[in-house]
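Q: Quick one: this structure, given as structure tokens, is what I'll be asking you about.
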Amino acid sequence: HPPSGTGSLRNLIVREGLRTGEKMVILTVNGDPEWALKKDHIASLKQLFDPGISLFLKLHTAIPGRPTTFSEFHLQGPTHIHEEVLGKRFMISPDAFFQPNTHMAEKLYRAALDLAKPTKEMVVFDLFSGTGTLGILFAPHVKQVISIEINPYAVFDAEANAELQGVGNLTCYKGDVGVLLPTLQVRPDLVLLDPPRMGIGKEAIQYLLKLRPERILYISCNVATQKEDIESLGYQME
């Protein structure tokens with residue numbers, strides 16, 4: 001209960017690779033690191049889980065009058081888990097976004113490939129690219145993929161996943177899409193958008209209006225901001 005500062009558990013995240021069976025548990029707790037990291041507390045935590053499970057503890061320390069601090073500790077098991085999507089294997093770190101429903105993710109990505117109709121002559125921008133799943137799936141069908149993602153853990157995963165798949169035509173940039181887009185010295189034929197719920201942002205929209213790629217494929221988890229963005233971009237919708 002943040003207003004009173006009482007209680008410990010802020011949230012619990014369980015991730016599982018449906019195809020691999022690999023599991024990750026992330027506990028986010030409130031409190032003093034000296035208390036949370038006591039050996040008996042850690043030992044009792046680890047006893048709750050199979051040794052093969054990837055287990056992380058995150059400390060969210062909020063003390064009135066002091067800056068809020070965040071710390072992350074790997075307690076046991078692998079540092080990453082893996083999942084297989086459309087026959088390709090992807091590495092996932094605890095702070096990187098990855099579609100949680102593998103069956104629906106595959107339907108989504110197949111639909112994306114069918115709608116975009118990629119060709120070997122295309123240069124593709126994969127914006128808000130996360131762990132690089134979409135860009136890596138498009139890479140074998142196009143000339144070049146350039147991805148932008150602000151989360152450093154996701155960028156690390158994307159680069160590792162590209163290497164894991166033997167993808168040599170994908171370049172990953174870490175940073176804000178609205179800031180990095182104007183610095184790229186190439187014009188895309190296709191732009192893949194899969195932004196957070198807030199949408200793609202005014203800066204990104206302004207630069208996409210200048211680039212005018214032939215096609216934009218927009219995947220969204222928030223149809224309200226998607227509608228606003230599409231209206232701002234002014235493309236014919238299919």
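Q: So Asp114 clears everything in (1) under 25 Å from Leu211 (Cβ atoms); (2) in contact with a helix residue (DSSP H, G or I) (Cβ under 9 Å, 6 or more places away or on another chain); (3) not polar (S, T, N, Q) except one condition, right? Which one?
A: Answer for Asp114: the failing condition is (2).
Q: Out of Asp126, Asp114, report the one residue that is under 29 Å from Ile200 (Cβ atoms), open to solvent by less than 40 Å² (accessible area, probe 1.4 Å) and not in a loop (DSSP other than H, G, I, E, B).
A: Asp126
Q: Counting only residues that are outside any loop (DSSP other than H, G, I, E, B) and within 15 Å of His82 (Cβ to Cβ), which one in the stretch 155-173 is most open to solvent (accessible area, probe 1.4 Å)?
A: Out of the qualifying residues, it is Glu163.
Q: Within the stretch 54-70, restricting attention to residues that are within 20 Å of the chain's Cα centre (by Cα) and open to solvent by 40 Å² or more (accessible area, probe 1.4 Å), which residue is modelled with the highest pLDDT?
A: For the stretch 54-70, the residue satisfying everything is Lys58.
Q: List the residue pairs whose Cβ atoms are under 9 Å apart, where the first residue sits in the stretch 215-227 and is more than 9 Å from Asp194 (Cα to Cα) and open to solvent by 40 Å² or more (accessible area, probe 1.4 Å), the second is assigned to a strand (DSSP E or B) and modelled with pLDDT of 95 or more, and the two are 6 or more positions apart or on different chains.
A: Every condition considered, the pairs that remain are Arg215/Leu190; Arg215/Val191; Ile216/Leu190; Ile216/Val191; Ile216/Leu192; Ile216/Leu193.
Q: It is to be established whether one or more residues within the stretch 209-229 are assigned to a strand (DSSP E or B), over 21 Å from Lys107 (Cβ atoms) and more than 20 Å from the chain's Cα centre (by Cα).
A: So far as the stretch 209-229 goes, no, none of its residues is assigned to a strand (DSSP E or B), over 21 Å from Lys107 (Cβ atoms) and more than 20 Å from the chain's Cα centre (by Cα).
Q: When you go through Leu127, Leu134 one by one, which is the residue that is in contact with a Pro (Cβ under 9 Å, 6 or more places away or on another chain) and under 24 Å from Asn222 (Cα atoms)?
A: Answer to the selection: Leu127.
Yes/no per residue for (1) under 23 Å from His82 (Cβ atoms); (2) of a type in the set (A, V, I, L, M, F, W, C); (3) in a helix (DSSP H, G or I):
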{"residue": "Ile148", "(1), (2), (3)": "no, yes, no"}
{"residue": "Leu181", "(1), (2), (3)": "no, yes, yes"}
{"residue": "Arg187", "(1), (2), (3)": "no, no, no"}
{"residue": "Pro195", "(1), (2), (3)": "no, no, no"}
{"residue": "Gly199", "(1), (2), (3)": "no, no, no"}
{"residue": "Ala204", "(1), (2), (3)": "no, yes, yes"}
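Q: Sticking with this structure for a sec: With (1) open to solvent by 10 Å² or more (accessible area, probe 1.4 Å); (2) touching a residue at least 60 places away in the same chain (Cβ under 8 Å); (3) in contact with a Phe, Trp or Tyr (Cβ under 7 Å, 6 or more places away or on another chain) as the list, and Arg187 as the residue in question, which single condition is left unmet?
A: It is condition (3) that Arg187 fails.
Q: Is it true that Lys143 is modelled with pLDDT of 95 or more and either within 14 Å of the chain's Cα centre (by Cα) or at positive phi (or both)?
A: no
Q: Name the pairs whose Cβ atoms lie under 7 Å apart, with the first residue in the stretch 130-150 and free of Cβ contacts under 8 Å to residues at least 40 places away in the same chain, the second surrounded by fewer than 20 Cβ atoms within 10 Å (Cβ to Cβ) and assigned to a helix (DSSP H, G or I), and 6 or more positions between them or separate chains?
A: Ile148/Leu180
Q: On to the next question. Considering only residues of the stretch 73-111 that are open to solvent by 50 Å² or more (accessible area, probe 1.4 Å) and in a strand (DSSP E or B), which is nearest to Pro140 (Cα to Cα)?
A: Arg89
The values are calculated or read from the model by the stated rules, or taken from the named source; none is laboratory data. The model shown is predicted, which means the values in this text are computed figures rather than measured ones. Cβ atoms come from the backbone with ideal geometry, glycine included; neighbour counts cover every protein chain shown. Areas reflect the complete protein model, heavy atoms only, side chains present, ligands, DNA and RNA absent. Shrake-Rupley method; radii C 1.70, N 1.55, O 1.52, S 1.80 Å.
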